[in-house]
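Novice: Sharing a structure, written as structure tokens. Questions coming.
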Amino acid sequence: MIEYRIDRRSGVATYQQIVQQTKQALRLGLLQPGDKLPTAREVVEATAINPNTVLKAYRELDREGLVEPRPGLGTFVSRSLARAGAGADGPLRAELDAWVSRAAEAGLEREDVAALMASVLEQRFITGVGPVAHSDEGNA
Amino acid sequence: MNNQTVARPPAVEAIGLGKKYRRGWALRECSFRIPAGRICGLVGPNGAGKSTLLGLAARLSSPTEGEIRLHGESLADPELRRSFAYVAQDKPLYRRFTVAEMLRFGRELNPRWDQDTAHRIIEQGQLALDARIGTLSGGQRTRVALALALGKRPDLLLLDEPMSDMDPLARHQLLGTLMAEAAEHGTTIVLSSHILPELDGIIDYLLLVDAGRIRLAGEAEEILDAHRLLVGAGTAADLAAHTVIEARQAGRQLTALVRPEEQAIGGDWEATAPTLEELLLGYLRSPQAPSLCTAEAGQAVAA
């Protein structure tokens with residue numbers, strides 16, 4: 001199960017926040033095929049957002065083939081975005097964690113690390129769209 | 001939810017609605033539709049006519065001209081009265097009743113009474129069932145009034161400034177409960193407010209009332225999409241091709257809220273979509289700006 005965190009001041013459309021957080025959970029393996037997403041009722045009761053927003057987000061996830069509505073039962077994860085090594089306890093994460101530690105020891109602040117990471121990603125995945133959107137397209 | 005809205009008649013429909021008090025017209029020539037299943041924000045400054053409009057919808061007073069229909073019905077038959085709930089700004093409750101007695105009162109008056117929902121709302125606020133209404137704070141009384149309204153299991157919920165006297169936690173809880181109710185039963189909710197940020201993310205339908213007239217009516221997203229906030233070097237004359245709602249000049253920089261007439265906006269303008277609050281404030285600061293009513297909210301063809 002996943003709990004959504006809605007930031008009303010982020011400037012990102014609310015339904016997009018739900019889509020992104022779901023994908024993030026799929027990538028990290030927090031959600032796996034067969035898992036049930038919370039019902040619209042559960043989401044709006046906890047977050048006080050418009051129910052149509054949740055339905056719109058779920059439709060979007062359905063369109064991308066990530067979830068599947070089963071009438072009367074709920075919405076279920078049909079495909080994972082987790083890749084070998086990208087999980088929360090995968091070796092790539094551990095390596096990255098070690099690298100971030102070295103960066104911190106070298107005196108880099110959080111923003112420096114983020115900027116460095118963004119610039120490397122920019123070089124690697126050459127599109128104007130940005131790394132997150134790019135990897136999604138690669139998956140779809 | 002959307003499938004239902006197509007088949008059902010509009011939850012609220014006003015046709016040439018007007019209300020005159022001794023001091024003058026409180027509402028004039030109001031025509032709009034709120035489709036069933038929407039969560040509609042009724043916004044406007046103090047004294048704009050919001051409460052008058054809700055009072056007319058709740059059949060507390062009769063219009064001076066025109067009419068207001070609920071679910072396609074204009075008559076005040078008892079069945080219709082059961083189908084909606086109205087929470088007034090002053091939350092009239094019996095001060096000497098206890099919370100439990102107030103709930104029993106609701107149960108006996110309403111055949112569709114949902115005790116679980118009513119109880120849950122009371123429990124959320126940790127109100128004692130034996131507390132007398134008269135000893136509760138304003139926000140707590142609001143909670144009891146909303147428990148009574150939701151316990152009625154209405155198709156249409158009319159709320160006049162429901163959260164104005166509640167603390168942030170209570171407000172969040174109650175909005176969550178309202179949204180859950182709408183998600184589960186397709187309840188139409190009309191809530192008035194002058195606290196604009198409170199409505200962002202909650203409402204999907206918008207009704208802006210100002211000086212007794214309807215200035216904006218329709219799907220919130222559609223209305224927002226029809227507007228752009230422009231910032232750039234220029235003067236208001238450069239924007240003559242568009243409908244300018246508001247333009248403010250600071251030195252060489254012009255900030256303008258416009259309804260673009262064509263897709264592309266020429267010139268070196270930085271164009272962004274306005275937030276709900278920016279849009280509403282822009283309209284309220286410019287009383288002469290033309291009103292906008294989307295097709296869905298538009299006037300009935302045959303009155």
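Novice: Would you mind giving the three semi-axes, in whole Å and largest first, of the ellipsoid equivalent to the stretch B:145-303 according to its Cα gyration tensor?
Specialist: The three semi-axes for the stretch B:145-303 are 35, 18, 13 Å.
Novice: A further question follows. Normalising by the residue count of chain B, find the relative contact order in percent from Cα pairs under 8 Å and 6+ residues apart.
Specialist: Rounded, it is 21 percent for chain B.
Novice: Take the alpha carbon atoms of the stretch B:189-229, find their center, do the same for the stretch A:37-112, and report the distance between the two centers in whole angstrom.
Specialist: Centre-to-centre distance over Cα atoms comes out at 31 Å.
Novice: Oh, and also: Dipole size in debye (nearest 20) for the stretch B:222-290 around its Cα centre, Lys and Arg Cβ +1, Asp and Glu Cβ -1?
Specialist: 280
Novice: Let me see the P(r) profile for chain A: every Cα-Cα distance counted, bins of 5 Å, each bin given as a percent of all pairs.
Specialist: 2, 9, 15, 18, 19, 15, 11, 7, 3, 1, 0, 0
Novice: Please check: in the Gaussian network model of chain B (C-alpha springs, under 10 Å), which one of B:Ala271, B:Ala85, B:Ala26 has the largest mean-square fluctuation.
Specialist: Most flexible of the set in this elastic network: B:Ala271.
Novice: Kindly sort B:Arg81, B:Arg252, B:Arg33, B:Arg95 by accessible area of their heavy atoms, largest first, with the probe set to 1.4 Å.
Specialist: Reading off the accessible areas and sorting them downward yields B:Arg252, B:Arg95, B:Arg81, B:Arg33.
Novice: Here's another thing I want to ask about it. Taking the Cα centre of chain A as the origin and placing charges on Cβ (Lys, Arg +1; Asp, Glu -1), which of A:Gln16, A:Leu30, A:Ser101 is farthest toward the positive end of the dipole?
Specialist: Positive-most Cα among the choices belongs to A:Gln16.
Novice: Right, here's the next one. Could you tell me the accessible area of B:Arg132 in Å² (1.4 Å probe, neighbours in place), rounded to the nearest ten?
Specialist: Its accessible surface works out to 120 Å², give or take rounding.
Novice: Assuming R0 = 45 Å, can you tell me the calculated FRET efficiency for the pair B:Ser286 and A:Arg5, based on Cβ-Cβ distance, to the nearest 0.05?
Specialist: Calculated transfer efficiency: 0.80.
Novice: Here is a follow-up. Express the carbon and sulfur contribution to the solvent-accessible surface of chain B as a percent, rounded to the nearest whole number, probe 1.4 angstrom.
Specialist: Summing carbon and sulfur atoms, their accessible area is 49 percent of the total for chain B.
Novice: Moving on. Add -39500 (n - 2.57) for each DSSP H run of 4 or more in chain B, then divide by its residues: what number comes out at 222 nm, to the nearest 500 deg cm²/dmol?
Specialist: Result for chain B: -8500 deg cm²/dmol, rounded to the nearest 500.
Novice: With all protein chains present, calculate the accessible area of B:Glu67 using a 1.4 Å probe and round the result to the nearest 10 Å².
Specialist: Here the residue's solvent-accessible area equals roughly 50 Å².
Novice: Relative to the Cα centre, what is the charge dipole magnitude of the protein assembly as shown, using +1 at the beta carbon of each Lys and Arg, -1 at the beta carbon of each Asp and Glu, and rounding to the nearest 20 debye?
Specialist: 1540
Novice: Heavy-atom accessible area of A:Val12 with all protein chains present, probe 1.4 Å, nearest 10 Å²?
Specialist: 60
Novice: Springs between alpha-carbon pairs under 10 angstrom, Gaussian network model over chain A: which of A:Val43, A:Val100, A:Val67 fluctuates most?
Specialist: Its mean-square fluctuation being the largest, the pick is A:Val100.
Novice: Against the 2.2 N^0.38 Å scaling, with N counting residues, where does the stretch A:14-77 land? I'd like the Cα-based Rg ratio to two decimal places.
Specialist: Here the answer is 1.01, to two decimals.
Novice: Note down the Stokes-Einstein diffusion coefficient of the stretch B:2-219 in µm²/s, whole number, using a Kirkwood radius over alpha carbon pairs, 4 °C, and 1.567 mPa s.
Specialist: 74
Novice: Enter the accessible area per residue of chain B (Å², integer; probe 1.4 Å; all protein chains in place).
Specialist: 46
Novice: Also, I was wondering about something else. With +1 assigned to the C-beta of every Lys and Arg and -1 to the C-beta of every Asp and Glu, and no other charges, what is the dipole magnitude of chain B about the Cα centre in debye, to the nearest 20?
Specialist: 1340
Novice: Continuing with the same structure: In vacuum, with every alpha carbon of the protein assembly as shown counted as one equal point scatterer, what does the Debye formula give for log10 I(q)/I(0) at q = 0.13 Å⁻¹? Two decimals, please.
Specialist: Each listed q maps to, in turn, -1.24.
Novice: Here is a follow-up. Mind telling me which of B:Glu262, B:Glu161, B:Glu198 comes out most flexible in a GNM of chain B, alpha-carbon contacts under 10 Å?
Specialist: Top of the fluctuation ranking is B:Glu262.
The values are calculated or read from the model by the stated rules, or taken from the named source; none is laboratory data. Values in this document were obtained by computation on a predicted structure and should not be read as measured data. All Cβ positions, even for glycine, are placed from backbone atoms using ideal geometry, and neighbour counts span all protein chains on display. All accessible areas refer to the heavy atoms of the entire protein, side chains included, with ligands and DNA or RNA removed. Shrake-Rupley method; radii C 1.70, N 1.55, O 1.52, S 1.80 Å.
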